[in-house]
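One structure is given here, and the rest of the page talks about it.
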């Protein structure tokens, strides 16, 4: 069975588009629309892979604790409406400290007297920091830190099977873009399956795992929309993403 002209043009990729648009082929309105959509998709994919990674920022949090001195953590996030958004578990210095003793591993309370978060050496203003269940951290940028907003606009539109792109940073070793699909619209990764079933609004699931270091990195769809930030994996194989609405409601409440 032979290929249709539309399939041939699509299969030829850029060369097919150049050939068609150069006037060497007579095309119908339907074919022209198909070509325009194809070019738009190629443009969006190129931006996702080459432009969006430039807008992921690593922040450092320094916590002053009781007798254990400074504790530092690093992680990723993005700028939305001139606010830096990331995950609470990234900036959290912890509440307990494990120490090896002659009697085994023991836990001691970790008291955080103060903590500050920085990007490029500039201190951020804390707007909201959640807890283990509300895994959200939001900061306002200082006036002397001129960083553009994340190019992809926030969106809460989620559909099972929608194609998404994880712009991750596994192990904080560098950007790694993975393509995947939405596998669960209302779910959250908890410590056990009961918690997974009870909390069903703040996250959506994806097919690929979220690796340590991916936390706080953006997830966008094929329409160039920001859907949320990577959270963590569950049961060694399920990835979960914090919905962007969890951040927007706090940002909008401060306006």
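Within the stretch 137-147, can one find any residue that is surrounded by fewer than 15 Cβ atoms within 10 Å (Cβ to Cβ), in a strand (DSSP E or B) and touching a strand residue (DSSP E or B) at 6+ places or on another chain (Cβ under 9 Å)? Before the answer, list the steps.
Taking the stretch 137-147 first, the residues surrounded by fewer than 15 Cβ atoms within 10 Å (Cβ to Cβ) are 142-144, 146.
With the extra rule that they be in a strand (DSSP E or B), the set shrinks to none.
The answer is no; no qualifying residue exists.
Residue-wise test of (1) part of a loop (DSSP other than H, G, I, E, B); (2) in contact with a strand residue (DSSP E or B) (Cβ under 9 Å, 6 or more places away or on another chain); (3) modelled with pLDDT of 85 or more; (4) under 22 Å from residue 134 (Cα atoms).
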{"position": "53", "(1), (2), (3), (4)": "no, yes, yes, no"}
{"position": "59", "(1), (2), (3), (4)": "no, yes, yes, yes"}
{"position": "63", "(1), (2), (3), (4)": "no, yes, yes, yes"}
{"position": "75", "(1), (2), (3), (4)": "no, yes, yes, yes"}
{"position": "78", "(1), (2), (3), (4)": "no, yes, yes, yes"}
{"position": "94", "(1), (2), (3), (4)": "yes, yes, no, yes"}
{"position": "98", "(1), (2), (3), (4)": "no, yes, no, no"}
{"position": "108", "(1), (2), (3), (4)": "no, yes, no, no"}
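Step by step: first the residues of the stretch 34-46, then only those that are out of contact with any helix residue (DSSP H, G or I) (no Cβ under 7 Å at 6 or more places or on another chain) and either exposed (fewer than 14 other Cβ atoms within 10 Å of the Cβ) or over 21 Å from residue 174 (Cα atoms) (or both), then the one that is modelled with the highest pLDDT. Which residue is that?
Taking the stretch 34-46 first, the residues out of contact with any helix residue (DSSP H, G or I) (no Cβ under 7 Å at 6 or more places or on another chain) are 36-37, 40-46.
Then drop every residue that is not either exposed (fewer than 14 other Cβ atoms within 10 Å of the Cβ) or over 21 Å from residue 174 (Cα atoms) (or both), which leaves 36-37, 40-44, 46.
On the way: 36: 60, 37: 65, 40: 64, 41: 68, 42: 73, 43: 79, 44: 83, 46: 86.
Result: 46.
Hey, could you check the stretch 194-208 for residues that are under 18 Å from residue 163 (Cβ atoms) and over 13 Å from the mean Cα position of the chain (by Cα) and say which is modelled with the lowest pLDDT?
Initially, the stretch 194-208 is screened for residues under 18 Å from residue 163 (Cβ atoms), giving 204-208.
Adding the requirement that they be over 13 Å from the mean Cα position of the chain (by Cα) leaves 207-208.
On the way: 207: 85, 208: 81.
Per the stated criteria, the residue is 208.
From the residues in the stretch 80-92 that are at pLDDT 90 or above and in a loop (DSSP other than H, G, I, E, B), which one is surrounded by the fewest Cβ atoms within 10 Å (Cβ to Cβ)?
In this case the residue turns out to be 82.
Cβ-Cβ under 6 Å, sequence separation 6+ or interchain: first residue in the stretch 134-148 and under 15 Å from residue 118 (Cβ atoms), partner part of a loop (DSSP other than H, G, I, E, B). Which pairs?
139/124; 141/82
Could you tell me whether residue 150 is under 14 Å from the mean Cα position of the chain (by Cα), at pLDDT 95 or above and either under 18 Å from residue 85 (Cβ atoms) or surrounded by 13 or more Cβ atoms within 10 Å (Cβ to Cβ) (or both)?
yes
The values are calculated or read from the model by the stated rules, or taken from the named source; none is laboratory data. Since this is a predicted model, take the numbers as computed values, not measurements. We place every Cβ from the backbone using ideal geometry, glycine too, and count neighbours over all the protein chains shown.
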